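These notes are about the structure you will find just below.
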Amino acid sequence: LLMGTTSSTESAQTVLERTVVASTRWLSLVTLTYRDAKGESRKWDLVSRTTKRSPTAADAVAIFVKLRGAGKEASTMLVRQFRPPVNAYTLELPAGLIDEGETPAQAALRELLEETGYTGTVDDVSPALAMSPGLTDETIHLVQVSVDLDAAVNANPKQALEDTEDIEVSMVSLRDLKQTLTNHAEGGGVVFAALWWLAMDAK
């Protein structure tokens with residue numbers, strides 16, 4: 001089967017029903033009833049955000065920052081924060097949920113400003129990307145943003161964090177990115193998966 005084509009068994013597989021089993025303020029446990037490749041009805045449990053606007057709308061953005069400036073080595077921006085689900089400090093890309101009425105580009109610029117204090121311009125927006133499709137229906141857009149460190153608006157960056165947020169911002173050269181992530185992981189931290197993939201090709 002060639003990439004981009006659909007077999008008869010693939011077209012037969014589909015979700016038939018979604019049943020919310022339990023919910024908290026932010027998350028729902030959902031049991032799916034779906035038809036498999038043999039035409040049999042099966043069950044699958046997943047976690048879904050209660051803020052999800054529609055089955056096809058992405059939930060959030062993750063922002064890959066390209067730092068620019070006179071004499072500045074090719075670099076990016078990372079955020080470090082404690083994440084209770086993994087009981088560890090993580091190294092991640094700046095990220096956040098897409099608010100009602102926002103485009104992914106607008107959400108990326110807003111989250112970047114809130115989490116890091118920096119203002120940038122959007123270079124590229126990915127399609128909706130799956131995070132962990134065996135566990136959740138959460139999808140994100142990976143947004144590439146350029147930040148001019150010489151711009152007056154970025155001369156005195158100030159975060160605008162929520163009361164529940166405690167985020168450390170760091171600038172890392174792309175040349176040193178993979179080693180930075182390795183050091184963090186070896187020290188007991190957890191690295192955001194997409195960031196590791198980016199580091200493998202970073203130059």
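The values are calculated or read from the model by the stated rules, or taken from the named source; none is laboratory data. Not measured: the values here are computed from a predicted model. Positions of Cβ are backbone-derived with ideal geometry, glycine not excepted, and every protein chain shown enters the neighbour counts. When the accessible area is computed, the model is the full protein with side chains, heavy atoms only, and any ligands, DNA or RNA have been set aside. Shrake-Rupley method; radii C 1.70, N 1.55, O 1.52, S 1.80 Å.
For segment 135-160, filtered to residues that are assigned to a loop (DSSP other than H, G, I, E, B) and surrounded by 13 or more Cβ atoms within 10 Å (Cβ to Cβ), the residue that is nearest to the chain's Cα centre (by Cα) is 138.
Suppose the filter is within 25 Å of residue 130 (Cβ to Cβ) and either touching a Pro at 6+ places or on another chain (Cβ under 9 Å) or modelled with pLDDT of 95 or more (or both); does residue 169 pass it? Taking the combined requirement at face value, the residue does not satisfy it.
Out of all the residues in segment 108-123, is one or more at pLDDT 95 or above, over 24 Å from residue 197 (Cα atoms) and exposed (fewer than 15 other Cβ atoms within 10 Å of the Cβ)? No: segment 108-123 contains no residue that is at pLDDT 95 or above, over 24 Å from residue 197 (Cα atoms) and exposed (fewer than 15 other Cβ atoms within 10 Å of the Cβ).
For the residues 42, 80, 53, 68, the requirement of being in contact with a Leu (Cβ under 9 Å, 6 or more places away or on another chain) and free of Cβ contacts under 8 Å to residues at least 60 places away in the same chain singles out 42. Filter segment 161-180 down to the residues that are touching a residue at least 24 places away in the same chain (Cβ under 8 Å), open to solvent by 60 Å² or more (accessible area, probe 1.4 Å) and more than 19 Å from the chain's Cα centre (by Cα) and list them by number. Result: 175, single match. Of all residues in segment 181-203, those being more than 22 Å from residue 148 (Cβ to Cβ), surrounded by fewer than 17 Cβ atoms within 10 Å (Cβ to Cβ) and not small (Gly, Ala, Ser) number 8.
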